[in-house]
Every structure is written in C-alpha cells, then in structure tokens.
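Colleague: So that we are looking at the same thing, I have put the structure below in structure tokens.
The values are calculated or read from the model by the stated rules, or taken from the named source; none is laboratory data. Because the structure is a prediction, the values reported are computed rather than measured. Because the Cβ atoms are built from the backbone with ideal geometry, glycine has one as well, and the counts that use them run over all protein chains shown. These accessible areas exclude ligands, DNA and RNA; they are computed on the full protein's heavy atoms, side chains included. Shrake-Rupley method; radii C 1.70, N 1.55, O 1.52, S 1.80 Å.
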Amino acid sequence: MKKEQYQFDYYRVSDRTELPPEDLSLLIAANKAAQEAYAIYSNFKVGAAARLVNGEIILGSNQENASYPVGVCAERVLLGNAAVQFPGIAIETLAITYLLMDRKSDSPVSPCGMCRQALSEFESRVNHPIRLILAGEVGDLLIVNASIDLLPFVFQRQHLP
Ligand code: THU
C-alpha cells in the first residue's frame, strides 16, 4: 500500500484592485448575468461570465423550474451558449458570482459537482484549461488555474470503452 496525495494551488484575492482589468470586467459581467437569473424557488441568483480565447464574452445564469430537478445552473447554461455560439473555441477564464435577497454575498461561490463534470468535459473537448474566478459581491475571491483541479479522479470519455 502506498499513500498518495492530491493537492493544487489556487489564489485568494482580498483586494480586488489587484485584479487585472479584464478579470474585473468579467466579474461585472457575471454580476449583471446574475441579475437576470430565474431563481424564484431558491432566491439564489447565480451569474457566470466567460472570456473565450478569441476575446468574446459569454454569459449564463441559473434557470430554475417548478419541477425542481429541471433547473439548470448558471455554469451549464453558459457552456451551452459558448458551444453553440462559438463552436470549438476554448474558454480562457470563467467568473462566477451570486446575489442574495437580503444582503450582499460575501464569500466565493463554488461550482456544484455536476457543473464540475460539465466544465471538465468542456476543457477536454477544446483541450484548454478553464481558469475560474469564484466570488461573492464583496469579500475575498478565489482564483483556480483549471476547473479540473476541483474534480480529482474525474470520469472522462477515455474511461468509456
Ligand atoms: N447554482 C448555480 O447556478 N451554480 C452553482 O455553482 C451553484 C448552484 C444554482 C442552482 C439553483 O438554481 C440555485 O443555485 C440553488 O442551488
């Protein structure tokens, strides 16, 4: 038996003025997308904004449904939009944020397990890591170099016969 370890580097940003302008504008775009979320059941409005390697910006927000499991997360709405509008074009950076009803969100949001799986498939189909910016409206934010870092032992198409 051999002990192995999984670890990855990420960045914590407490002062948003340290961010490059293109990251700040992506966060603003994600915030705007969150304002358009359809989240009448959870009141948890998530917005995602991606900068593609060709410079285009793609948005997504969560779209809920009276039949709860039908609802789709912001990240997967965005991935579908990206794949349809710019087929084969990789995502450079994806910013994710959220809005609460009663106060400003103040800690980073993290993609759910299903979205991590979807992000991983997108990374592998265009062969490019997706850099993540995870943020609330205020407070620290986190930057992850590649979404695959958040999904160790991922199930991928190579596993299929
Ligand atoms: N949600 C997202 O859109 N993205 C995430 O990263 C976490 C959760 C949505 C799903 C549901 O509409 C609401 O947030 C509450 O879970």
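Colleague: Considering only protein heavy atoms and a probe of 1.4 Å, how much of the accessible area of the chain is carbon and sulfur, as a whole percent?
Modeller: Of the solvent-accessible surface of the chain, carbon and sulfur hold 55 percent.
Colleague: Once you have a ≥ b ≥ c as the square roots of the Cα gyration tensor eigenvalues for the range 25-64, tell me rounded if a/c is under 1.5, and otherwise prolate or oblate according to whether a/b is larger than b/c.
Modeller: It is prolate, given that a/c is not under 1.5 and a/b is the larger ratio.
Colleague: 5 Å is the cut-off here: which amide hydrogens, built 1.01 Å from N in the peptide plane, fall below it relative to Tyr98, excluding neighbours closer than 5 in sequence?
Modeller: Amide H to amide H, under 5 Å and 5 or more residues apart or across chains, Tyr98 pairs with Gly47, Glu137.
Colleague: Can you compute 3J(HN,Hα) from phi for each residue in the range 30-44, using the Karplus curve 6.51 cos²θ - 1.76 cosθ + 1.60 with θ = phi - 60°, rounded to whole Hz and x for Gly and Pro?
Modeller: 5, 5, 5, 5, 5, 4, 9, 5, 9, 9, 6, 8, 8, 6, 10
Colleague: Within the set of other residues whose C-beta is less than 14 Å from the C-beta of Pro129, count the net charge using Lys and Arg as +1 and Asp and Glu as -1.
Modeller: Every neighbour counted, the sum reads -1.
Colleague: Give the peptides 41-49, 135-143 in descending order of average Cβ contacts within 10 Å, highest first.
Modeller: On the way: 41-49: 21.1, 135-143: 17.6.
In decreasing order of mean packing, 41-49, 135-143 become 41-49, 135-143.
Colleague: Whose amide H sits under 5 Å from the amide H of Ile130, counting only residues 5 or more places off or on another chain, with H placed in the peptide plane?
Modeller: Excluding prolines and chain starts, which carry no amide H, the hits are Ser147, Ile148.
Colleague: Rounded, prolate or oblate: which one fits the range 22-146, using the alpha carbon gyration tensor with axes a ≥ b ≥ c (rounded when a/c is under 1.5, else prolate when a/b beats b/c, else oblate)?
Modeller: Verdict is oblate for the range 22-146.
Colleague: To continue, here is another question. Each label point is 7 Å from the Cα along the Cα-to-Cβ direction; what then is the distance between the points at Gln5 and Ile28, in nm?
Modeller: About 4.2 nm, to one decimal.
Colleague: Points 7 angstrom from Cα along the Cβ direction at Thr17 and Asn127: gap in nanometres?
Modeller: Between Thr17 and Asn127, the label points sit 4.3 nm apart.
Colleague: Residues of the chain: accessible area per residue at 1.4 Å, in Å²?
Modeller: Result: 57 Å² per residue.
Colleague: Label Phe155 and Leu142 with points 7 Å out from Cα along Cα→Cβ: what is the distance between them in nm?
Modeller: That separation, rounded to one decimal, is 2.4 nm.
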